[in-house]
Amino acid sequence: MADSPTMTYGGYLRLDDLLACQEPKTGAHDELLFVVIHQVYELWFKQILHEAELLQRRLEEGNSAGSLHTARRIAKILKTVVGQLDVLETMTPRQFAAFRDALGNSSGFQSEQFREIEAVLGRRSFPASDLRGDERLQAAVARPSVFDSLLRYLAGRGHPVPREALDRDTSRPWEPDAGVQKVLLAVYADESGPAAQVCEGLVDVDEGIQEWRYRHLKMVERTIGAKIGTGGSAGADYLRRTLFAPAFPDLWEVRSQTESTGTGEIPVHGG
């Protein structure tokens, strides 16, 4: 604290270090934009992971208001991340091609932080090459996901969450569960209650991730079309395959099971 009277804006933010991190490899004008946006993505991914840790802790403590606030913050960050694609899309395919070869084997699919976000949200099917040597990803895959924390939150509020769901091996992929969906339907019956609002907060997060996948897909398609992605990745084809894979499938499934309240509201039915 002794240094605080002389602390400067640049010193606090370590701007000399931060602004020295952009090192384009070519003379192409648009490469700096590409570098800056992807570095900003990684900063936001770091913040999402920071917030997700708090979200899980608040869920397991039974803190409804805190959980909802944190889920909403994550959803807002995802909106911001998606919005940055508007800036990246001002770069034409020819402008990207001017420096693309300099990227070598690098690819956005190599983002360790985004893989960790996916694991925190419940993904478990990572290639062995992704897990090897990545201790943070290994730990995220082994520990309970955000949805596991939601189940514990609901159980703590007295909802009859099936014991097998609470005691499951959290290193395994989550499979949609009829018993859990029955509990969620009961939660949503009181749609103004704190538990229902928390569930909707997680739906916002899930939708934000899916929106990011869609916008990322369209950005890749308009920039490189059907070409193989940088680093040898499958590019747009990979994104297309993962596009409609919700992190919390049960929270989406119960929407097709919702019945009319008899108050003139329109029931939601799937199929």
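A short reminder: the numbers here are calculations on the coordinates, not readings from a lab. Keep in mind it's a predicted model, so treat the numbers as computed, not measured. Please note: Cβ atoms are built from the backbone with ideal geometry, for glycine as well, and neighbour counts cover all protein chains shown.
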Worksheet item: What length, rounded to one decimal in nm, is gained on full extension from Arg132 through to Arg241, with 0.36 nm per residue of separation minus their alpha-carbon distance?
Response: 36.9 nm
Worksheet entry | Eligible lysines near Lys182 by straight Cα distance, threshold 28 Å, same-chain separation 8 or greater | none
Worksheet entry | Zero-based 5 Å bins, Cα pair distances in the range 121-230, whole percents | 2, 10, 16, 16, 17, 14, 11, 7, 5, 2, 0
Practice prompt. With a point put 7 Å past each Cα toward its Cβ, work out how far Val87 is from His29 in nm, to one decimal.
Written response: 1.7
Worksheet, complete the sentence: Per residue convex hull volume, Cα only, the chain, in Å³ is 183
Discussion item. Apply the Karplus curve 6.51 cos²θ - 1.76 cosθ + 1.60, θ = phi - 60°, to the phi angles in the range 81-95 and return the couplings in whole Hz, x for Gly and Pro.
Written reply: 4, 4, x, 5, 5, 4, 6, 4, 6, 6, 8, 7, x, 5, 5
Item to complete: Compute the signed sum of charges (Lys and Arg +1, Asp and Glu -1) over the other residues within less than 11 Å, Cβ to Cβ, of His69.
Response: +3
Worksheet item: What is the helix-to-structure angle for 146-156, meaning the angle in degrees between its Cα long axis and the longest Cα principal axis of the chain, kept from 0 to 90 and rounded to the nearest 10?
Response: 30
Worksheet entry | Additional length obtainable on full extension of the chain from Lys79 to Ser106, 0.36 nm per residue less Cα span | 7.2 nm
Worksheet item: What does the charge dipole of the range 23-138 about its Cα centre add up to, to the nearest 20 debye, if the Cβ of each Lys and Arg holds +1 and the Cβ of each Asp and Glu holds -1?
Response: 320
Worksheet item: If the cut-off is 12 Å between C-alpha atoms, which aspartates and glutamates fall inside it for Lys79, apart from same-chain ones fewer than 8 positions away?
Response: Asp204, Asp206, Glu207, Glu211
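Compute the Rg to Rh ratio over the range 1-132 from the alpha carbon atoms, using the Kirkwood formula for Rh, and round to two decimal places. Before the final figure, lay out the partial values.
Numbers: Rg = 18.5 Å, Rh = 17.8 Å.
Using only Cα positions, Rg/Rh for the range 1-132 is 1.04.
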